[in-house]
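> To start, I am sharing the structure in question, which I have written as structure tokens.
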Amino acid sequence: MQDADVASGFFLPGQDFALLLAALTGQGYRCVGPTVRDGMLVYDTLEGVGNLPAGVHIQQSPGSYRVEFNQGRRLFDWANGPQALKPLLFAPREVLWQVRRGADGELLFSQQDPDPEPVAVIGVRACDLAALRLQDRHFIETDIPDAGYTARRRQLFLVAVNCTRPAATCFCASTGDGPAATRGYDLVLDELDDGFIVIAGSKHGDEVLALLPLQPVSPEQRRAAAEATAAAAAIQNRQLPGRDLRDLLFANLDHPRWEAVATRCLSCGNCTSVCPTCFCYRELDEPALDRESARHYREWDSCFTQGHSYIHGFIVRPDTRLRYRQWLTHKLGGWHDQYGRSGCVGCGRCIAWCPVGIDITEEAGAIADSPA
Amino acid sequence: MTIASHFPYEAEVIERCQESPTIFSLVVRLTDPVVASEYRFTPGQFNMLYLFGVGEIPISIVSDPARPGQLIHTIRDVGRVSHGFSQLEVGDRIGLRGPFGSGWPLVQLEGQDIMIVTGGLGCAPVVSVINYILRRRERYGRLVILQGVKHSSDLIWRERYAEWEKLDNTQVLLAADVGGKPWPGFVGPITVLFEHARFNPQQTVAMMCGPERMIHAAADLLIERGMQPWDIWISMERNMQCAVGQCGHCQFGSSFVCRNGPVYRYPDAGELLAKRGF
């Protein structure tokens with residue numbers, strides 16, 4: 001490692017990027033990163049740099065997500081896939097505990113201590129780091145932390161890449177969460193045509209940098225990186241009508257817009273599945289066929305389902321109007337009381353993955369434009 | 001050691017009582033002696049009860065906190081899990097974790113007059129309060145119990161109400177939307193009872209549970225009579241699965257009912273109370 005101002009980082013030539021993966025692998029991490037599969041960008045195990053989506057662009061618009069290939073060589077020239085960090089930590093389905101019935105009918109409960117493998121995620125976006133911060137607060141920074149989430153989180157190494165190619169659905173600049181990553185990473189990269197500016201954000205990040213053949217950063221490289229992230233902010237067309245919409249939304253619970261959006265919304269729950277901050281899960285019991293043991297699972301749930309608000313024969317939110325209103329008033333309102341900020345990080349996934357293209361910025365904007 | 005976490009502990013049914021055609025009580029004890037000796041709760045709190053191979057439900061604890069070795073849960077046979085619980089017999093084993101949530105402020109209310117208002121079948125959380133106060137009658141002032149039910153046959157523990165009525169400085173008023181014979185109470189919504197309740201609104205603290213519309217209407221009447229809004233406490237119900245404020249089902253506005261509730265001061269429940277969809 002060269003002597004240089006740590007805050008300003010180092011230059012890692014493009015042909016040496018494989019050494020970063022090798023260094024992380026050498027430290028015991030399984031490297032996970034973006035790769036193209038089934039016409040989508042998914043986060044999966046990286047066997048090598050060849051798995052990364054070189055020359056891939058993604059066109060996103062309400063209700064649409066298309067992977068396109070060009071002649072470019074950049075690895076991170078796309079906005080995001082439908083999922084990034086959330087499934088790695090808040091598992092879509094996992095066993096919480098199990099129970100076995102003994103010979104005298106006694107119940108023997110047991111749970112396994114989580115022992116997750118170390119995972120390094122390559123190519124984390126600023127929006128997803130902001131979402132991770134919120135999920136950490138929800139699952140870890142509470143009086144009864146979640147054991148599985150906490151254990152996996154402790155084993156996570158995060159390599160962020162500042163975003164230079166937001167999709168048309170992105171609005172992280174409006175929520176203040178991107179396109180540049182400002183905190184919460186071990187390493188952050190700026191991708192240039194011939195390589196990467198790399199900056200450590202943790203002691204662990206410093207240790208990994210020490211293993212790489214780094215060069216000083218030139219003023220031109222630094223300027224190019226700054227201009228690229230500034231342009232990525234400027235190009236975003238969508239925005240929420242404010243950072244804190246709690247009072248606006250709760251003052252408009254009977255606004256006609258809720259009915260209007262309910263006529264389009266299918267109540268399918270795609271938005272909550274792709275949302276990087278949505279945390280709802282249901283618990284369910286699965287008895288073994290011999291009826292002598294059972295596993296108690298949790299799996300992702302959605303406030304768009306009927307069962308979500310069921311209590312003893314009664315459903316609190318029986319129709320789509322009430323469910324969409326619950327989702328939006330919580331996401332953009334209730335979160336401020338619960339976690340001190342909005343639950344939206346501007347990733348735009350709920351817009352692209354909504355089968356009918358409902359746009360959260362448009363719905364919030366409609367209420368802001370004609371409040372009661 | 002606390003068992004108010006994600007992980008259940010074994011408990012044994014030591015008594016079962018059919019309270020009405022659809023309501024029954026299970027008395028259970030934690031089987032691990034260390035866990036049992038350290039278990040403490042406050043009336044108003046609830047346990048997550050697990051039925052083997054079926055699932056969990058939140059059930060409020062109606063027994064006395066001075067006897068944590070015998071936990072009484074009164075359950076209505078209404079769903080998949082509660083129906084399974086209704087089939088249990090003495091000696092059967094279940095899972096239990098808890099207690100969760102906020103309880104009634106019974107210690108801080110000593111010396112005060114108390115009014116209990118319950119509607120429908122949601123009386124279990126406040127029955128624990130009535131029992132608690134009656135066992136410590138000298139520590140509290142006047143006690144007024146208002147109970148409303150849909151149909152007169154829905155009233156469980158009728159003989160207990162008759163006994164309570166005979167106590168000094170205690171008033172019991174019953175109302176049924178639909179009266180039957182013989183029905184000792186009034187016919188109509190619970191709010192008709194307030195005209196007959198004898199209490200000093202400045203010295204009385206109200207504790208309520210039941211349908212939210214009823215709570216809302218009753219609280220408005222009490223405030224109209226001069227009771228301070230923060231002297232009204234309510235218990236709420238929502239879908240609860242994790243009971244530790246994580247699974248999201250019980251969210252009520254910005255509140256997690258399992259953690260911030262289920263017992264709230266009336267003003268803390270806020271404007272969303274009885275608002276359809278929250």
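> Tell me, which residue of region A:298-322 that is outside any loop (DSSP other than H, G, I, E, B) and charged (D, E, K, R) is farthest from residue B:8 (Cα to Cα)? Spell out the reasoning first.
Residues of region A:298-322 outside any loop (DSSP other than H, G, I, E, B): A:298-300, A:307-311, A:314-315, A:320-322.
With charged (D, E, K, R) added as a condition, the list becomes A:298-299, A:321.
Details: A:298: 15, A:299: 18, A:321: 37 Å.
By that ranking, first place goes to A:321.
> Only one of A:295, A:325, A:291 is in a helix (DSSP H, G or I) and either of a type outside the set (Gly, Ala, Ser) or out of contact with any Lys or Arg (no Cβ under 9 Å at 6 or more places or on another chain) (or both); which? Spell out how you get there, then give the answer.
Values: A:295 fails: in a helix (DSSP H, G or I); A:291 fails: in a helix (DSSP H, G or I).
None of the other options fit; the residue is A:325.
> Is it fair to say residue A:353 is more than 8 Å from chain B (Cβ to nearest Cβ), over 12 Å from residue A:304 (Cβ atoms) and touching a Cys at 6+ places or on another chain (Cβ under 8 Å)?
Working: more than 8 Å from chain B (Cβ to nearest Cβ): yes; over 12 Å from residue A:304 (Cβ atoms): yes; touching a Cys at 6+ places or on another chain (Cβ under 8 Å): yes.
Judged against the criteria, residue A:353 is a match.
> Can you report the number of residues in region B:217-234 which are surrounded by 22 or more Cβ atoms within 10 Å (Cβ to Cβ) and in a loop (DSSP other than H, G, I, E, B)?
Final tally of qualifying residues: 1.
> A further question follows. Considering A:188, A:208, A:198, which residue is closer than 26 Å to residue A:343 by Cβ and not in a loop (DSSP other than H, G, I, E, B)? Working first, answer last.
Working: A:208 fails: closer than 26 Å to residue A:343 by Cβ; A:198 fails: closer than 26 Å to residue A:343 by Cβ.
Unique residue meeting the criteria: A:188.
Residue-wise test of (1) assigned by TED's automatic domain parsing to the domain that holds residue A:361; (2) free of Cβ contacts under 8 Å to residues at least 40 places away in the same chain; (3) assigned to a strand (DSSP E or B).
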position: A:50; (1), (2), (3): no, yes, no
position: A:68; (1), (2), (3): no, yes, yes
position: A:73; (1), (2), (3): no, no, no
position: A:78; (1), (2), (3): no, no, no
position: A:96; (1), (2), (3): no, no, yes
position: A:109; (1), (2), (3): no, yes, yes
position: A:113; (1), (2), (3): no, yes, no
position: A:120; (1), (2), (3): no, no, yes
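> Restricting to region B:15-40, count the residues that are β-branched (Val, Ile, Thr) and more than 14 Å from chain A (Cβ to nearest Cβ).
Filtering region B:15-40 down to residues β-branched (Val, Ile, Thr) leaves B:22-23, B:27-28, B:31, B:34-35.
Retained after the next criterion (residues that are more than 14 Å from chain A (Cβ to nearest Cβ)): B:27, B:34.
Residues flagged as β-branched (Val, Ile, Thr) and more than 14 Å from chain A (Cβ to nearest Cβ) within region B:15-40 amount to 2.
> Name the strands (runs of 3 or more DSSP E) wholly inside region B:104-190 in which the number of residues that are closer than 24 Å to residue B:262 by Cβ and under 20 Å from the mean Cα position of the chain (by Cα) is 2 or more.
Numbers: elements: B:113-119, B:143-151, B:170-178.
Correct list: B:113-119, B:143-151.
> Going through B:210, B:248 one at a time, which residue ends up being on the phi > 0 side of the Ramachandran plot, modelled with pLDDT under 95 and assigned by TED's automatic domain parsing to the domain that holds residue B:129?
Details: B:248 fails: modelled with pLDDT under 95.
Just a single option satisfies the conditions, and that option is B:210.
> From A:84, A:91, which residue is assigned by TED's automatic domain parsing to the domain that holds residue A:27, within 30 Å of residue B:2 (Cβ to Cβ) and small (Gly, Ala, Ser)?
On the way: A:84 fails: within 30 Å of residue B:2 (Cβ to Cβ).
From the options A:84, A:91, the qualifying one is A:91.
> Looking at (1) of a type outside the set (A, V, I, L, M); (2) assigned to a strand (DSSP E or B); (3) out of contact with any Lys or Arg (no Cβ under 6 Å at 6 or more places or on another chain), find the lone condition where residue B:20 falls short.
Only one criterion in (1) of a type outside the set (A, V, I, L, M); (2) assigned to a strand (DSSP E or B); (3) out of contact with any Lys or Arg (no Cβ under 6 Å at 6 or more places or on another chain) is unmet by residue B:20, namely (2).
> Only residues that are among the charged types (D, E, K, R), without any contact (Cβ under 8 Å) to a residue 40 or more places away in the chain and over 24 Å from residue A:240 (Cβ atoms): list them for region A:292-329, please. Walk me through it before giving the result.
Of all residues in region A:292-329, those among the charged types (D, E, K, R) come to A:292, A:295, A:298-299, A:301, A:317, A:319, A:321, A:323, A:325.
After this cut, where a residue has to be without any contact (Cβ under 8 Å) to a residue 40 or more places away in the chain as well, the list is A:301, A:317.
Of everything in region A:292-329, just one residue is among the charged types (D, E, K, R), without any contact (Cβ under 8 Å) to a residue 40 or more places away in the chain and over 24 Å from residue A:240 (Cβ atoms), namely A:301.
> Going through region B:244-271 one residue at a time, which ones are buried (at least 20 other Cβ atoms within 10 Å of the Cβ), more than 12 Å from chain A (Cβ to nearest Cβ) and in a helix (DSSP H, G or I)? Don't jump to the end; show me each part of the working.
Taking region B:244-271 and keeping what is buried (at least 20 other Cβ atoms within 10 Å of the Cβ), we get B:244-253, B:255-264, B:266, B:269.
With more than 12 Å from chain A (Cβ to nearest Cβ) added as a condition, the list becomes B:261, B:263-264, B:266, B:269.
Those that are buried (at least 20 other Cβ atoms within 10 Å of the Cβ), more than 12 Å from chain A (Cβ to nearest Cβ) and in a helix (DSSP H, G or I): B:266, B:269.
> Hey, among A:357, A:346, A:340, A:333, which residue is free of Cβ contacts under 8 Å to residues at least 60 places away in the same chain and over 30 Å from residue B:52 (Cβ atoms)?
Details: A:357 fails: free of Cβ contacts under 8 Å to residues at least 60 places away in the same chain; A:346 fails: free of Cβ contacts under 8 Å to residues at least 60 places away in the same chain; A:333 fails: free of Cβ contacts under 8 Å to residues at least 60 places away in the same chain.
Criteria check complete, one pass: A:340.
> I need a count of the residues in region B:70-100 that are in a loop (DSSP other than H, G, I, E, B) and at pLDDT below 95. If you could, list the steps in order and put the result at the bottom.
Our first condition is that a residue be in a loop (DSSP other than H, G, I, E, B); within region B:70-100, this holds for B:70, B:77-79, B:87-92.
In the following step, the residues that additionally are at pLDDT below 95 were identified as B:77-79.
Qualifying residue count, region B:70-100: 3.
> Scan region A:153-181 residue by residue and report those that are under 15 Å from the mean Cα position of the chain (by Cα) and in a helix (DSSP H, G or I).
A:153, A:172, A:175
> Please identify the pairs in which a residue from region B:41-55 that is more than 13 Å from residue B:28 (Cβ to Cβ) and within 14 Å of chain A (Cβ to nearest Cβ) has its Cβ atom under 8 Å from the Cβ atom of a residue that is among the β-branched types (Val, Ile, Thr) and not in a strand (DSSP E or B), counting only partners at least 6 apart or on another chain.
Between residues of region B:41-55 that are more than 13 Å from residue B:28 (Cβ to Cβ) and within 14 Å of chain A (Cβ to nearest Cβ) and residues that are among the β-branched types (Val, Ile, Thr) and not in a strand (DSSP E or B), the close pairs are B:54/B:81; B:55/B:81.
> A further question follows. Residues of region B:220-254 being closer than 14 Å to residue B:204 by Cβ and of a type in the set (Lys, Arg), which ones?
Across region B:220-254, the qualifying residue is only B:225.
The values are calculated or read from the model by the stated rules, or taken from the named source; none is laboratory data. Remember, it's a predicted structure, so these values are computed and weren't measured experimentally. So basically every Cβ, Gly included, is an ideal-geometry build from the backbone, and we count neighbours across all protein chains shown.
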